[in-house]
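Student: Before I ask anything, let me first share the structure, which is written out below as structure tokens.
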Amino acid sequence: MAAETGADASAGHEGGDLKRSIGLGQLVAIGIGSTVGTGIFFVLSEATPKAGPAVVLSFVIAGITAGLTALCYAELASAVPVSGSSYSYAYATLGEAAAMGVAACLILEYLVSSAAVSVGWSEYLNALLQSTVGVRVPEALSGAPGAGGIVNLPAIVLVLLCTLLLIRGVSESATANAIMVVIKLAVLLLFVGLAFTAFSADNFAEFAPLGVGGIGAAAGTVFFSFIGLDAVSTAGEEVKDPRRTLPRALMLSLVVVTVVYLLVAVSALGAQPWEQFEGQEAGLAAILTQVTGASWPGIVLAAGAVISIFSVTLVTMYAQSRILFSMSRDAMLPPLLSRVNPRTLTPVPTTLLVGIAVAVLAGLVPLDVLADLVSVGTLVAFSVVSIGVMVLRRTAPDLPRGFRVPGYPVTPVLSIAACVYLILGLSWITHLVFVLWLAAALIFWALYGARHSRLIGTPAGSSDGGASS
């Protein structure tokens, strides 16, 4: 029922309800924590050779794409403040089949990226141990079978720690994440401050050596650095005053992330000619070593990366568990996954399932080939959110909204166009694998979800539909 699509739409379900314990500051930290991760620590080495100094504009393009989508997320989050992010929004506006497709996209975004960043954490941890105490985790225990090892033990340990913290309680997890966010931002701002001491305007003299096409190509690469911002909306049922807090947190997170990224990009390009970025490992640390002539910056950056990736893994696992929790409560997945621990008010079965799945992927599977799948899944989910805004404006025009997209309907249309532009830049193999994955998810829905769910593909605003009604 459209009237139920709101702050109380989730109440009264068999599995139990979540605890509202997250404030604006903690929610902003979740947005920053899930976004500022491994990307900014290596993306310049990949993107700068494609665009030259104009990679700064690539960051702006990626930021605008994320910003347009964030506006659409803000409206739906204020109108449908439940757990589940764009899955719940699709469920509320487009029906079950569309929601299942979006859920498949979100699994690519969160489950695979959680495992991927865990593998990255293992690499940075080895670099930190090598530079501080002169030891490394043996190669057999720090790499997957396809990456020269037997099992990636550090990655599994990280996933285990995040799982235990999430089971303990969302408030404790949010506080730990907030602390890690402060540390990672301090490390990046330290980089900016030191890099600007060697700033040379001559490095920007040939601003766009590879033309407009290079800027667009680099924008697709840079977009990885903005993935995760939508994790804010997965906390809908655990946020105090969600109609006001969710939109504010989305906007504040985006502003902080974009400003930090632009500062890092401008200072890095000012300190080092753009031609030197290609093939540069641990690029930020290498730049600081050149600038200061000392080894301690590399240690600081490695430590910052270790903390940063811990934070990203924690938040992406949190987001994935809440999406599966919402799907279970809608009977799109087995009911066990929507049970809540009566003491901690956390969805323990779902959190354990996510922890096990991520640990298996991180410990046993090399995940570098899945990076584009993470991106296409995210972009498709972003597009559906923008479509959902337009659908809900027509089907439930009187639904209370704590935030409305400015410039409607131009803004959601531009958001969809920007996402499609970036999707088209991905390889045909990525498109094929994504279509096969999406087909498998829809087959599962036809065999299980459509037979067990409380609603049968009825969008909000009709007589029977609603998000988690």
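Please treat every number below as a calculation from the coordinates, not as lab data. This one's a predicted model, so the numbers in the text were calculated from it and none came from an experiment. Every residue, glycine as well, gets a Cβ built from its backbone with ideal geometry; the counts of neighbours run over all protein chains shown.
Student: Using only the alpha-carbon atoms of the stretch 134-287, report the extent along each of the three principal axes, biggest first, to the nearest angstrom.
Tutor: 53, 49, 32
Student: Give me Trp428, Trp445, Trp437, Trp296 sorted ascending by neighbouring Cβ count inside 10 Å, so fewest comes first.
Tutor: With the fewest neighbours first, Trp428, Trp445, Trp437, Trp296 line up as Trp428, Trp296, Trp437, Trp445.
Student: What is the angle, in °, between the Cα long axis of helix 428-444 and the longest principal axis of the Cα atoms in the chain? Nearest 10 is fine, range 0 to 90.
Tutor: Once rounded, the angle reads 30 degrees.
Student: What is the spin-label model distance, in nm, from Val259 to Ile443 if the labels are put 7 Å beyond Cα along the C-beta direction?
Tutor: Between Val259 and Ile443, the label points sit 4.9 nm apart.
Student: If I model a spin label as a point 7 Å beyond the Cα along the Cα-Cβ vector, how far apart are those points for Leu190 and Asp202 in nm?
Tutor: 3.0 nm
Student: Mind grabbing the base-10 log of I(q)/I(0) for the stretch 267-393 at q = 0.13 Å⁻¹? Debye formula, identical points on the C-alpha positions, no solvent, two decimal places.
Tutor: Cα-only, vacuum Debye calculation for the stretch 267-393: -0.84.
Student: Angle between the Cα long axis of helix 113-132 and the longest principal axis of the chain, 0 to 90 degrees, nearest 10?
Tutor: 30 degrees
Student: Would you mind calculating the gained length between Val212 and Ile299 on full extension (0.36 nm times residue separation, minus the Cα-Cα distance), in nm to one decimal?
Tutor: Full extension of this stretch gives 27.7 nm more.
Student: Here is a follow-up. Using only alpha-carbon positions, what ratio does the radius of gyration of the chain give when scaled by 2.2 N^0.38 Å?
Tutor: 0.94
Student: Under a 5 Å amide H to amide H cut-off, with H placed in plane at 1.01 Å, what residues pair with Ile22 once short-range neighbours are removed?
Tutor: Val239, Lys240
Student: Extending each Cα 7 Å along its Cβ direction at Lys240 and Val182, get the distance between those two points in nm, one decimal.
Tutor: According to this spin-label approximation, the distance is 1.8 nm.
Student: Extension gain Leu426-His452, at 0.36 nm per residue separation less the Cα-Cα distance, in nm?
Tutor: Stretched fully, the Leu426-His452 segment lengthens by 5.8 nm.
Student: Something else about it: Sorted from largest down, what three extents in whole angstroms do the Cα atoms of the stretch 55-147 have along their principal axes?
Tutor: That gives 55, 34, 23 Å along the principal axes, largest extent first.
Student: Taking 2.2 N^0.38 Å as the expected size of a compact globular protein, what ratio does the Cα radius of gyration of the stretch 344-426 give against it, to two decimals?
Tutor: 1.54
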